Amino acid sequence: MDLLNNTSSVSEFILLGLSSAQDIQMFFFAIFTLVYVAIIVGNLLIVISVISDNHLHSPMYFFLANLSFFDLCLSSTATPKVILDFLRERKTISWWGCMTQIFFMHFFGGGEMSLLIAMAIDRYVAICKPLHYKTIMSHKVLIVFLLLSWTVGFIHTTSHMVFTVGLPFCGPNTVDSIFCDLPLVIRLACTDTYILELLVIVNSGLLSLVCFVLLLISYTVMLVTIWQHSSSASSKALSTLSAHITVVTLFFGPAIFVYAFPFNSYSVDKFLSVFYSMITPLLNPIIYTLRNQEMKAAIKRLSRQHIDSCLIH
Ligand SMILES: *[C@@H]1O[C@H](CO)[C@@H](O)[C@H](O)[C@H]1NC(C)=O
């Protein structure tokens, strides 16, 4: 630890937040608290229904529950502190806090990206190889996909952290955002960070761009396949696919914008970071549950069970 700190004189960073006006901050405090509670409730509901309901024990729903779990983790990395910061005049974060935020943001973010790819593969097999679905997407394969997602997330974040942790900070320590966002923090280092910024563009930006394009291509193939074999099951498949495509776009869009084009204005980045830390985790349960009859039925069963057990006790 001494080794790390004696090169840098900055031991904490100052976050500028979204606004400095008192009443606007109170407004944000209320909104963010509401949204965060909705994220927790919505995603927990999905996890609990999938685990407890036998009707939902299929790969697609297991992936969905795991996606909700990632969303819970991702939004909890920064949001509780962001909410409390709205009440504070001076929003500071320690060097360790900042590094921890970056680590977990990229850990869960990278994991979620990999999971979205696994979900696309799952849907691809279901739609384009329906007869072999059960044998290909076995429980073992499911577990391998999940382990891969966590591993990819870990490798992705570690490859950033290895270089970020050693950066010397001696100059300005103001981060114009609501949490420590990697591109913003790198720019504060008092050394030439050109190579590191390039690494971030490639490792986060380009990677998300490539994944996003591949995902869009595979979903297009699936849509075409469905249209060619129009049957009674196809409208359900279409609504599932459109939900997936919406989530993928909402997740990758802002990330690509922030990381693949790091030379745009910082103030845009700030609002986009709200997007992928708050809006996407909120929209996932809404998109999946509102459009999905089975999910809605499962939640109804869950609440009925709960009411029954309350009446008995
Ligand atoms: C993730 O998926 C696996 C299926 O292999 C399941 O057993 C597990 O409960 C899921 N995790 C969560 C948090 O839903």
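The values are calculated or read from the model by the stated rules, or taken from the named source; none is laboratory data. Computed from a prediction, not measured in an experiment: that's the story for all the values here. A quick note on method: Cβ atoms are made from the backbone with ideal geometry, for glycine too, and the neighbour counts reach across all protein chains shown. Each accessible area value is taken on the protein alone, full model and side chains, heavy atoms only, with ligands, DNA and RNA left out. Shrake-Rupley method; radii C 1.70, N 1.55, O 1.52, S 1.80 Å.
What to note about this one:
- Counting only residues that are near the ligand (Cβ under 10 Å from one of its atoms) and either crowded, with 19+ Cβ neighbours inside 10 Å or under 14 Å from Val247 (Cβ atoms) (or both), segment 52-64 holds 5 of them.
- Hey, Leu84 in a helix (DSSP H, G or I) and without any contact (Cβ under 8 Å) to a residue 24 or more places away in the chain or not: yes
- Any hit, segment 265-275, residues being open to solvent by 10 Å² or more (accessible area, probe 1.4 Å), at pLDDT below 75 and assigned to a loop (DSSP other than H, G, I, E, B): yes
- Selection from segment 37-51 of residues that are near the ligand (Cβ under 10 Å from one of its atoms), touching a residue at least 60 places away in the same chain (Cβ under 8 Å) and open to solvent by 40 Å² or more (accessible area, probe 1.4 Å): Ile48
- All positions within segment 103-136 that are open to solvent by less than 10 Å² (accessible area, probe 1.4 Å) and either within 16 Å of the ligand (Cβ to nearest atom) or out of contact with any helix residue (DSSP H, G or I) (no Cβ under 8 Å at 6 or more places or on another chain) (or both): Gly111, Glu112, Leu115, Leu116, Ala118, Met119, Asp122
- Within segment 122-140, the set of residues being within 19 Å of Val224 (Cβ to Cβ) and in contact (Cβ under 8 Å) with a residue 40 or more places away in the chain comprises Asp122, Arg123, Tyr124, Ala126, Ile127, Cys128.
- Number of residues in segment 146-182 that are surrounded by fewer than 19 Cβ atoms within 10 Å (Cβ to Cβ), touching a residue at least 60 places away in the same chain (Cβ under 8 Å) and within 17 Å of the chain's Cα centre (by Cα): the value is 1.
- Some residue of segment 76-92 being within 16 Å of the ligand (Cβ to nearest atom) and closer than 25 Å to Leu250 by Cα: yes
- Output for segment 29-50, where each listed residue is closer than 24 Å to Glu294 by Cα and of a type in the set (Ser, Thr, Tyr): Ser49
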